[in-house]
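The structure appears below as C-alpha cells.
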There are 2 protein chains.
Amino acid sequence: MSSEPRTWTVRLGIEFDGTGFRGWQVQPTGRTVQGEIEGALRKLTGADVRIAGAGRTDAGCHAAGQVASAVITTRLSPERLRMALNALLPGDVRIVEAAEADPEFHARFHAMSRAYRYLIVPRPTALRRLFAWVRPLRVGIEDLNRATRPLLGTHDFLAFSKQGGDARDTVCTVTRARWSNRGRVTRFDIVADRFLYTMVRRVVSTTIRAAEGGGGARTIRESLQALDRRAAAPPAPAHGLYLMRVRYPGFGWLPKERIDVVA
Amino acid sequence: MSSEPRTWTVRLGIEFDGTGFRGWQVQPTGRTVQGEIEGALRKLTGADVRIAGAGRTDAGCHAAGQVASAVITTRLSPERLRMALNALLPGDVRIVEAAEADPEFHARFHAMSRAYRYLIVPRPTALRRLFAWVRPLRVGIEDLNRATRPLLGTHDFLAFSKQGGDARDTVCTVTRARWSNRGRVTRFDIVADRFLYTMVRRVVSTTIRAAEGGGGARTIRESLQALDRRAAAPPAPAHGLYLMRVRYPGFGWLPKERIDVVA
C-alpha cells in the first residue's frame, strides 16, 4: 500500500440478486445497486464517486456479471479495494472482480456487446420463485429456436421497446439468440450490441406466444416489421432475467472471474 | 368431486426455500414448514391434521423433495388438494406432488433411504448466498472422494451427531457419498437409510478438513472409530443443504414430479 492516494480508473465486475432492488440505476427513491456501490465508495474514499454500469437493469432483474467503471482516488490496490467494498456492501451485491483500466475506460460507452439470460421453469417452485419465470411451455426448444431466428442481425426493435423509454435510436444488432434446456429449466441466451428497456423480456414473451400460436418465425418477422409496440407481447417478468457479461475491445468478455451461478 | 367427504391418506412431495423457516418441524415458536402446511390443511378440512415428514431438516436447510404423509378428510381429489394447498401456502413452500397412498402409509417410518445434497461455491456470491456455502477448496474432487470413501457402509456415526441430539441409535448405512463439480459449484451427494441431526453438515466439514489436512481417508476412518464428537469438525452452514428425495418400497424415489432446481 503506497502512502499517497492516487487517482485512477477502476473497472468492476458485479454480481447482484435483484430481488431487493429498484434496479441498477440510482432513482429519486428506493434502494438501487448503483446507489449501494456509490455509497460504499464514498465511505472508502471520502468523496462522491459516480459509477457507470454497462447495462441498466430493471427492478427485480439479476446480474451474474454487470461491469461498471469509476474514477476514484485511493491508496488501495484494486484487489484491496474489492475486498473493502465487499466488506461494506450488503450480501445481495458482490464485487467479483476489480482491476485498473485505462484512464478513459467507460463501462457503458466502450461495451461492444452484452449477454443476457432468461430462465423459465414449467411448474411452481419455492427455491427458484425469485430467480425464474414459472411458465409451462406448450412447444419444444426447436420451435422456440425457429421462431427466434428472424431476430438475428440488425433490426429496428421499436416494437420490443418500452412505451416512454428514452431511446431515440431503436436499432440493435443481435448476434446470438438461442433457447436450450438444462434439466427442467429452459433458458434463453441473447447477445446484442445494445438492448432497449424491457427488450429481452418482450422478446421472450413474444417468441413464446408466436411459437405456441403456430405462427413462429413469420409472426416474429411481422412483429419486427410492424414497428408498433402492440405487435409484441407484454414483457415476461423481471425476476427471470440476468445480465451475464459484457464484451469490450481488448478485454473480451468481462468479468473474467464470474462464478457459474445461473442454470 | 364427490359430494361426501372421504377419509384417506395423502402423500405429498414438498419443495421449500428454508431461508425464512426455523426448520421443518413444528417448534414452540417460529415459522416452520410443517406448521405452514398443517395450517393450510386445517383451513381446507376444518380439522386439525398432523403431517409426518420423511426428513426433519434444520433451520435454513432447503428441500427440493421432502415427502410427507397425513390422514385427511376431504372431498377434494389429490390434484385438487395440491392446487388448493398451493393457493393457501406462502411462495417459499410448494406442493409439487400429491397422491393417495395406502391407508397405513407413513412418510417417515416407511422411508428406506434419504438423499441429501450439499452445495459449495468458491467465492462470495450474491445470487447463491442463501443457497450454498462460500468456501474456497484447496483440494480437488478426487481428494474429497477418496477421503469420503470410509463412510460407505454401516457405521456408528456418533462422532458426526449433534450433542444433545435425540437419537439413541447412531448407526447409519451410507450407500452413496459422492463429490462432483458442476461449473464452479461443488456438490456433495449422500444417500443413507437414516441421518442423525446435523450429520450431513458434519460429514461435509470433516471431509474437507481431512482432505485439506492431508490425512484423507485415514483421518475420516479414525473420526468414525473415535465415537467422540470432538473427532468431527463443526457443521458446515445449514443454507448449503438440500433434502433431495426419499425412497420407499414399491414407489422408488419420491417425489416423482421434482423440478430440477438445484445445481
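I'm trying to understand the selection: among the residues of the stretch A:110-125, which are surrounded by fewer than 22 Cβ atoms within 10 Å (Cβ to Cβ), within 13 Å of chain B (Cβ to nearest Cβ) and in a loop (DSSP other than H, G, I, E, B)? Correct list: A:PRO122, A:ARG123, A:PRO124.
Within the stretch B:155-166, the only residue that satisfies the criterion of being buried (at least 16 other Cβ atoms within 10 Å of the Cβ) and part of a strand (DSSP E or B) is B:HIS155. For the stretch B:222-234, the count of residues that are in contact with a helix residue (DSSP H, G or I) (Cβ under 9 Å, 6 or more places away or on another chain), more than 26 Å from B:THR125 (Cβ to Cβ) and hydroxyl-bearing (Ser, Thr, Tyr) is nonzero. Looking at this structure, is B:ARG80 of a type in the set (Lys, Arg) and either modelled with pLDDT under 95 or closer than 24 Å to B:GLY23 by Cβ (or both)? Against the criterion (of a type in the set (Lys, Arg) and either modelled with pLDDT under 95 or closer than 24 Å to B:GLY23 by Cβ (or both)), B:ARG80 does not qualify. Taking the options B:ASP92, B:ASP48, B:ASP17, name whichever one is without any contact (Cβ under 8 Å) to a residue 12 or more places away in the chain and either open to solvent by less than 40 Å² (accessible area, probe 1.4 Å) or out of contact with any Phe, Trp or Tyr (no Cβ under 8 Å at 6 or more places or on another chain) (or both). Going through B:ASP92, B:ASP48, B:ASP17 in turn, the sole match is B:ASP48. Taken across the stretch A:182-201, residues that are open to solvent by 20 Å² or more (accessible area, probe 1.4 Å), closer than 20 Å to A:ALA59 by Cα and in contact with a Cys (Cβ under 7 Å, 6 or more places away or on another chain) do occur, with at least one present. Listed by position, the strands (runs of 3 or more DSSP E) enclosed by the stretch B:167-263 that each have at least 3 residues that are at pLDDT 95 or above and more than 14 Å from chain A (Cβ to nearest Cβ) are B:171-182, B:185-192, B:241-248.
Matching residues to (1) within 14 Å of chain A (Cβ to nearest Cβ); (2) surrounded by 15 or more Cβ atoms within 10 Å (Cβ to Cβ):
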{"residue": "B:ARG108", "(1), (2)": "no, yes"}
{"residue": "B:LEU127", "(1), (2)": "yes, yes"}
{"residue": "B:ASP143", "(1), (2)": "no, yes"}
{"residue": "B:GLY153", "(1), (2)": "no, no"}
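Do the conditions hold for A:ARG135, that is, is it open to solvent by 50 Å² or more (accessible area, probe 1.4 Å), within 14 Å of another protein chain (Cβ to nearest Cβ), modelled with pLDDT of 95 or more and within 30 Å of B:GLY20 (Cα to Cα)? Yes, satisfied. Looking across A:THR73, A:THR57, one residue alone is within 18 Å of A:THR198 (Cα to Cα) and out of contact with any His (no Cβ under 7 Å at 6 or more places or on another chain). It is A:THR57.
If you go through the stretch B:24-43 and keep only what is crowded, with 19+ Cβ neighbours inside 10 Å and aliphatic (A, V, I, L, M), you end up with B:VAL33, B:ILE37, B:ALA40, B:LEU41.
Here the stretch B:218-230 is the region considered, the condition is being within 25 Å of the chain's Cα centre (by Cα) and within 15 Å of B:HIS155 (Cα to Cα), and the residue that is most open to solvent (accessible area, probe 1.4 Å) is B:ARG221.
The values are calculated or read from the model by the stated rules, or taken from the named source; none is laboratory data. For clarity, every value in this text was computed on a predicted model and none was experimentally measured. So basically every Cβ, Gly included, is an ideal-geometry build from the backbone, and we count neighbours across all protein chains shown. Ligands, DNA and RNA are excluded from the accessible area calculation, which covers all protein heavy atoms including side chains. Shrake-Rupley method; radii C 1.70, N 1.55, O 1.52, S 1.80 Å.
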